[in-house]
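The values are calculated or read from the model by the stated rules, or taken from the named source; none is laboratory data. The shown structure was predicted, so the numbers you read here are calculated from the model rather than taken from an experiment. Because the Cβ atoms are built from the backbone with ideal geometry, glycine has one as well, and the counts that use them run over all protein chains shown. We work out accessible area using only protein heavy atoms, side chains counted, and drop any ligands, DNA or RNA first. Shrake-Rupley method; radii C 1.70, N 1.55, O 1.52, S 1.80 Å.
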Amino acid sequence: MQQPSERSDVTEGVVDRFERVVLPHLDDAYTLARYLVRDEHDAQDVVQDAALRALRYFEGFSGGDARAWLLAIVRNCALDWRRRYRLDERSVPFDEVVHGPATASRSADAAAIEESEQHRVQRALGTLPLEFREVIVLREVQELRYREISDVLGVPIGTVMSRLARARRQLAALLHPDTREVS
Amino acid sequence: MHADAGCAPYRDALDARLDGELPLDEAAGVDAHLATCESCAGEYAMLAATHRRVSAHLPRYAAPDVLSARVRAALSEAARPATASTTLTSVPSEPPRTPAWRASAWWRLAAAGVAIALVSSSVTSVVLERRNASHQASEELLASHIRSLMPGHLTDVVSTNQHAVKPWFDGRVDVSPSVPNLDSIGFPLVGGRMDYVRGRAVPVVVYARRQHLINVYEWAQPARAASPSESTRNGYHLVTWRRDGLEYWAVSDLNTKELDAFVAAFIAAQ
């Protein structure tokens, strides 16, 4: 007895194809979500939400770059999440960037220095506006080409380039305050 | 040495040069400029250092196994035929995101479970010593239930299909557990796992009600049948009953009324 339902459109065959084409990019999806919503459990929620949304849109997927396609959906879900929980109202104070790692880096222990370096970079990234943070993650962590970043963000390549340039210079100013030239 | 107006087009191309996004001829033009302009070369070196430092220190994350499992379970749930659409998780008129958000409430519960377990493990170890033997089963079941709420501990087999869950236990435990389909009354199956309670391997079948989880344990108990009796510990409810030489325990933080309804339906469907 078939009842009319939106769900009945999704056949097992579609799910099989979806699992083959889209699920290999789950790590990328989770990585982007981690950087956009920060909390690991929230990131898992976002990815699960995105996967279901992606399945619903899968018929409309033209068969191009599945990773960029999925990441665009993850990003939308993450932005919805941030709006829902008003994440943008909670900002990381810049003080933490300056003071947090500074004490640890005095340690002679190489591992501690490495860890504090990671902490320092992550903190610096966390202080960037979201539109800069996401372009850094897509380029520096996920190593997407400009064309792919443009697809994920839904903006022209020129906008990707200008955002990336500004984002890198802000990071440089946070990370190398002494060497940053005064322009 | 400062950048002059002639540097502007090169300055704008430095990131693209660094990222290998420039056509060969343009890249060569930028390189030629950098060879002669100290200011732009300095800017490029600063950008390259930032790029190296940032890409080396920002981790890529691997999706946790439990996330893959949950996504796959959600996908197969979504692919189920519409005849099963009388369940809570598949009301067609609701917006498409609902199942995910419902599932997501679960993660909050799981996260809360970690916190609860951290607090309660020290408490229960003290309390346990004072419990007499008849209470030990429920203490252990409660500990098992709380542990199951932690990410990755809930299910060994994730499936919303009773015909996938039941065979999974074959050869793993000496009891073939009851896995009734209670979808139609709003208790979707989540999966199953093995757990150790009172020194033996016990099958656990997991159901959900909204964001609440229900763990159902059963083991051989050659005592006479008993109708369901209820107890409450640390805010969790435990219902136990016996029939056909088996003892059952259902553990959940679901309210007692709905848990009773679940148990009644479970027994009726056996």
Q) Can you name the residue in the stretch A:4-19 that is open to solvent by less than 70 Å² (accessible area, probe 1.4 Å) and either touching a Lys or Arg at 6+ places or on another chain (Cβ under 8 Å) or modelled with pLDDT of 60 or more (or both) and is also farthest from the other protein chains (Cβ to nearest Cβ) among such residues? A) A:13
Q: Would you mind telling me which numbered condition in (1) surrounded by fewer than 22 Cβ atoms within 10 Å (Cβ to Cβ); (2) among the hydrophobic types (A, V, I, L, M, F, W, C); (3) free of Cβ contacts under 8 Å to residues at least 40 places away in the same chain residue B:246 fails?
A: (3)
Q) Just for the stretch A:34-47: of the residues that are within 17 Å of residue B:66 (Cβ to Cβ) and either modelled with pLDDT under 90 or more than 7 Å from every other protein chain (Cβ to nearest Cβ) (or both), which one is most open to solvent (accessible area, probe 1.4 Å)? A) A:40
Q.
The conditions are (1) under 39 Å from the mean Cα position of the chain (by Cα); (2) crowded, with 20+ Cβ neighbours inside 10 Å; (3) modelled with pLDDT of 90 or more, and residue B:74 fails exactly one of them. Which is it?
A. (3)
